[in-house]
Amino acid sequence: MIKKIINISLKYFIILLLLSAVEVNYSYSQDSTGTTRTEKDTSKVKLFEMQRSPLLAVGLSLLLPGSGQVYVGSYWKAPLFLGGACALGYSIYYFNGKFQNTQNQYDIVKSENNPEKNNFKLDSLRRYKEYFRDNRDMSAFYLLGVYILAAVDAYVGAHLYDFTVSDEFTFIITPSFKYSPGINLMISWK
């Protein structure tokens, strides 16, 4: 049973190996004298010009997260980046206020002259202070991540702004035995 499976697998592998040679056809035009001409007329070639500047998109996104997305037309992403930046900005403000209050309380308790009674309070206030400082710093780190992610998304969006997706896309794979065994691959879109 296993030998039969291995033999069938080996046969399919050999068939795929033979069909993996891709045949490439080159088309050349001929002029009236019958000679092959391969030069292209570049006087009629229209150069591609981007409609959205990637650097401007990045700059806008770094000024205000989400504005680069509005510039490139990704309107649904703009509130996500702006909302994330606002929420993290408020988180930084909130945890910094709590950190400052706890730091002031810690300084007051530390300045009192009763060390036996204040050791528990000092330890508790120190832990709260570290907790609020760590959360403030992590919120700032996440805010930096939102800015970077918004800038990268705006940059990619500006580059893909002119890219059109059409429903008329054809992808055809056919076997070829014209010159040697191979596969013809034809891709076309309008």
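Coordinate-derived values only; no laboratory data. Predicted, not measured: the structure shown is a model, and the values here were computed from it. Note: ideal-geometry Cβ built from the backbone for every residue, glycine included; neighbour counts use all protein chains shown.
One chain, two ends: Y90 and N114. Fully extended at 0.36 nm per residue, the span grows by 4.9 nm beyond their Cα-Cα distance. Taking θ as phi - 60° and the Karplus parameters 6.51, -1.76 and 1.60, the scalar couplings of region 143-150 work out to 5, 4, x, 5, 4, 5, 5, 5 Hz in sequence order, x denoting glycine and proline. Give, as a single signed number, the net charge of other residues whose beta carbon lies under 13 Å from the beta carbon of V146, with Lys and Arg counted +1 and Asp and Glu -1. Summing Lys/Arg as +1 and Asp/Glu as -1 gives 0. Just so you know, the Rg over Rh for region 52-163 is 1.30, from Cα atoms, with Rh as the Kirkwood radius. Counting lysine pairs in region 72-190 whose alpha carbons fall under 14 angstrom apart, excluding pairs fewer than 8 residues apart on the same chain, gives 4.
FRET efficiency for the pair M138 and T170, taken as 1/(1 + (r/R0)^6) with r the Cβ-Cβ distance and R0 = 45 Å, rounds to 0.35.
Our estimate of slack between N104 and F163, defined as 0.36 nm per intervening residue step minus the Cα-Cα distance, is 15.6 nm.
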